[in-house]
Every structure is written in structure tokens, then in C-alpha cells.
């Protein structure tokens, strides 16, 4: 039962149907070509035989003209060999046979003035040793009647043999084509079944399952690689969703609790009016922070879905970086920090101007937030540096600070949503800043990397050079 089911599935596959259609088309074309060759070969043979017969008839007619009927009779007798290929029949004016190796005038020739194909008995038993011949009548003076022909049995046997070879060859080609289609369909079905098994496992919840590659590098391997890459992306998004859910449960629970406690305290305060006003102001501040957090989450989700990819325009990246940095100069001065800008005009790129500006603003805001105050050791160094440079690997926007830095083991983790290290818990924020920068970079085909600033941290946003083309 299983074998029959497997055979049915293999025969019903697209690969088998394509193989069957290809074999059928090939056989039709081959049949047409072979038929054309048969027809052309037969025509050439026929023309050769007719040319020979006409030449021979011309010679015999010349003998009759020069020597009369006796000379013609001798010539026909000389040519009439029992086992020869030449066929002759000469009858006198009275209709009596005078010479020739044909016992009678073939009925097919008697009724035709131009000759034709006929069957004749070469031995004593008529019909048992019948051969195929072709003959033409020869016009003679008087009432003599001459037929000149040629045995074409060998040509007929050759044609029959070629026909058998042709049919056997077609049968073998059909069998080989269908067998090849079946084998190919089995191989393809086996590969597809591997994909189906992995897909069913993934649908049952095993998101870590991947499709095995055969190593052949064919289109099915390419499909498997693309599907695996898609599954990697889906697994990353699902893991991100779990992390967001967990972080929302932990990070948003605290501000919501504070919001509720402040409202309760305001209601319980005996002074009432002043406490309610202060409580409402605090509630508005907390609500603004929550709205800001949810707006950040929504923007990151839209960026990861590519929803803002089409909002691109041509703009001077150096000018945008300088403008954003200049907006933060007063904030840096207020915290007794220097902000050094190294970004001239250009390059001009095609990208989402607002998102790139937001990413740069997030990096500078983080740098200001976590930078250490100026000390005697670093009085000659800029506390925060903002740079723009064209590199071989892309366009790099770098923001460095003199803050506490981030350990190498934590650098990949801090790019996720809501991730905040213990030493930064006391600082205000939601943990979405670097996640937004990462999403902006990914939207434009770029990347984000974190490196040591010795001391401090330097964040580099890299955009592809093709944006400047």
C-alpha cells in the first residue's frame, strides 16, 4: 500500500509530468523527422530505379529498331537471369511470350500505361515466395509488348527493418524518458518531503528546526537557504516579541504602579485641592513617559516591517548630523561636557531623513546621559565626539563618549528593546534608544557596532555606500 501510494505521488509530481510532456514532444518531433527521412529515402530509391529502367528500356528499344524482334528477343533472353534483379516480359504480336523471366504480365502493369509496383512469384509456388517489383511498359513498333522491371524486395526489407528499429527505438526512448521522469520525481519528492517534515515540525512549535541542505548547490538548496534565512528572521522576531512582552511586564509595571500610587495619595491627602493638582501633574508626566515608550515601540515595529522604506529623499547627511549635534550642544554644556563635531558637508544620500536624524539624536542623547563629568585627567579631551566619514565598507556616523562604557559581552544584548544594564538603571530612559538606531540601520541596509573609546563607548552607525550613488 505504501509503495503504491509512493508510486502515485511520484507519478503525480510536476517533475514527472514535465518529463512525460518532454518525452512526448521529443517523440513527435523525432517521428516527424524520421518520417521525412523515410519519405526522402524512398523517393531517392524510386528515382534511381526509374532512371535505371528508362535507360534499359531505351537500350532495348534501340536493339529492336536495329535488329527487329529477333534481336530484341535475344537481348531480353540475355538479360533475363532467374535470380537477377532485372525483370522482363516480351510478348509477340500474337500475345505469346517470347522471352523474359516473368511468367505473365502483372495485372498492376497491364492496367497502367506508366508502370507501377507489383508483386510476383519468383519460385514455383506462387504466393509463398512473392517479391516486390517495379516495372514500366516499353512502346515498340508493331504489336509486340515489352515490360522492363526491377526487383525491389531488398529495399522493402530495408524499409521494414528500419521501421522496426524506429518503433523499438521509440519504445525504448519512451520507457527511458518515463523512467527518468519517475526517478527524477522520486528525488525531487524526497527533497520536498524533507522540506515538508521541517515545515511541519516548525508549525508544531519547534522554531529552531532548519531545512537540511544536500550540498549540491542546486535550486532546491538555494530555496532551502532562503527558507532557513527566513526562519532565522522569524525566530529572531519571535524572540524579540517574547523579550518585549517580558520587558513590558517588568519595565512598564513600575511606572504604572507609581501612577496608581500617586493618584491614590492625592485622593487621600487632606489638603485635597493642592494634592490633587500635584498628583495630576505627576500623572501627566508619567503618562507622557508611557506614551513615549509605546510610540518608540510602534516606530521600531514599523521600521522592522519596512513600512517607512519608501519615504526616502535626497539630502546632505553631513548637514543633518551637524544640525542634530548643534541642537544638543546646550544640553552638553549644561552638564559641563564638551561636544566636538567632525562632520562637514556631504555626502548626499537617498534615505529617510527624519529617521536618520532621529538615530543620530538617540546616539548623542545616550552619550550625554552616560558621559562622566570633566576631570583633570581629561580636560584637554572632548567629552563627546560626533564624526562622519566615508569608508570602504560604507558611510560611518560615530558618536563617542567618556562614560562607563559597555562590556564586550553585553554589546549585542543592549541593541535589543528594553534592555538596560544595571549601572544605567538609575538614569532616566526606556531602553529603546539603541534598538531604534539598530532598526533604522537595518531599514537602510546598514549596521550598528559598539567599540571601546578608551575610556568610554563609541557607537558607529554604518550606512551602505550605495545610498550616496
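Coordinate-derived values only; no laboratory data. What you are looking at is a predicted structure, and each value in this text was computed from that prediction instead of being measured. Don't worry about glycine lacking a Cβ; one is built from the backbone with ideal geometry, like all the others, and counts go over all protein chains shown.
When 435, 201, 179 are sorted by how many other C-beta atoms sit within 10 angstrom of their C-beta, beginning with the fewest, the order is 179, 201, 435.
Between residue 166 and residue 26, the C-beta separation translates, for a Förster distance of 22 Å, into a calculated FRET efficiency of about 0.95.
Taking every C-alpha pair closer than 8 Å and separated by at least 6 residues, the mean separation divided by the residue count of the stretch 1-202 gives a relative contact order of 24 percent. Taking a ≥ b ≥ c as the square roots of the eigenvalues of the Cα gyration tensor, the stretch 1-202 is prolate, since a/c reaches 1.5 or more and a/b is larger than b/c. Counting beta carbons within 10 Å around each of 371, 114, 208, 46 and listing the fewest first gives the order 114, 208, 46, 371. Computing FRET efficiency as 1/(1 + (r/R0)^6) for residue 46 and residue 179, where r is the C-beta to C-beta distance and R0 is 45 Å, gives about 0.70.
Between residue 288 and residue 188, the FRET efficiency from the beta-carbon distance, with R0 = 45 Å, is close to 0.15.
Computed on the Cα trace of the stretch 99-224, the radius of gyration divided by the Kirkwood hydrodynamic radius gives Rg/Rh = 1.59. The relative contact order of the stretch 105-202 comes to 15 percent, based on Cα pairs under 8 Å that sit 6 or more residues apart.
The ranking of 162, 238 by Cβ neighbour count inside 10 Å, starting from the fewest, reads 238, 162.
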